[in-house]
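Participant: A single structure is presented below for examination.
The values are calculated or read from the model by the stated rules, or taken from the named source; none is laboratory data. Since this is a predicted model, take the numbers as computed values, not measurements. Cβ coordinates were reconstructed from backbone atoms using ideal geometry, including for glycine residues, and neighbour counts include every protein chain displayed.
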């Protein structure tokens, strides 16, 4: 079934459950079985339920639930149920967009790291957020909310799963929903990268249910405003990319230009490589993230390169 088909079925379940006067244990069992089939079913149901809660039209249906004083007109109930399905889909057209537009206002706190700094936030529920260099995030964890907005930079999330209160990260116009997960989120202009280390997570691109991805361990999603691409990386590769958590940078046949760019993320003194041939030279090794001298010495010893101070920068050349 397509994502659209799953969402349509989820909406039907929501409307039936809220308006059917004959809803019984067998119906509930059927719904529970459908939700348990795949994580996509559960997430679609959450989205449909949110749409239900957001529309005033559906609120008018609730009086049609059975009671001793009133028996609803069956034809009108059927008509209203069809209207409800349509209304939920109208709402869903804007629900996800509103997810990305909303920014928690109450009990919100801002956390940040400067260039070269590494900070760990320990949450009350046992979850942890590790912030990498030059990162800013806003968190709202009050009243059952578990929402984080990653405004800039990179953060590693170790989340204690709570099905009733999903942990959600908003970054670069995208949403990441935790399903019991350890994952890395890294922002860049007009895109966000999500690497899943353990568990499961869902990535929605600008709230469009047709552009979503359910990640498994080793998956790395690159989400833009219009698409999501997913590649697979080995656990050792992901571990190297997370070496910053121990204050290190790991390079495996990495071009010197990329090495310099990575060091520049962690240090105020920047490395510049102007010679294209020098920039293409590759390096293997593990280096302290804040030790610019180490990479300069390696470039000199391995390639015979030289470094000089120029306008407050370190220029590496032959």
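Participant: State the number of residues belonging to segment 248-283 that are in contact (Cβ under 8 Å) with a residue 60 or more places away in the chain and either within 16 Å of residue 304 (Cα to Cα) or surrounded by 14 or more Cβ atoms within 10 Å (Cβ to Cβ) (or both).
Facilitator: 4
Participant: Would you be able to say whether some residue in segment 291-299 is surrounded by 13 or more Cβ atoms within 10 Å (Cβ to Cβ), outside any helix (DSSP H, G or I), under 32 Å from the mean Cα position of the chain (by Cα) and not assigned by TED's automatic domain parsing to the domain that holds residue 154?
Facilitator: Taking every residue of segment 291-299 in turn, at least one turns out to be surrounded by 13 or more Cβ atoms within 10 Å (Cβ to Cβ), outside any helix (DSSP H, G or I), under 32 Å from the mean Cα position of the chain (by Cα) and not assigned by TED's automatic domain parsing to the domain that holds residue 154.
Participant: Next up: Only one of 137, 179, 141, 150 is buried (at least 21 other Cβ atoms within 10 Å of the Cβ) and farther than 20 Å from residue 226 by Cα. Can you tell me which?
Facilitator: From the options 137, 179, 141, 150, the qualifying one is 137.
Participant: Which ranges mark the strands (runs of 3 or more DSSP E) fully within segment 156-252 that have 3 or more residues being more than 12 Å from the chain's Cα centre (by Cα) and over 28 Å from residue 142 (Cβ atoms)?
Facilitator: Output list reads 228-232.
Participant: Hey, another quick one. Taking helices (runs of 4 or more DSSP H) that do not extend beyond segment 22-62, which have at least 2 residues that are surrounded by fewer than 16 Cβ atoms within 10 Å (Cβ to Cβ) and modelled with pLDDT under 70?
Facilitator: 39-54, 56-59
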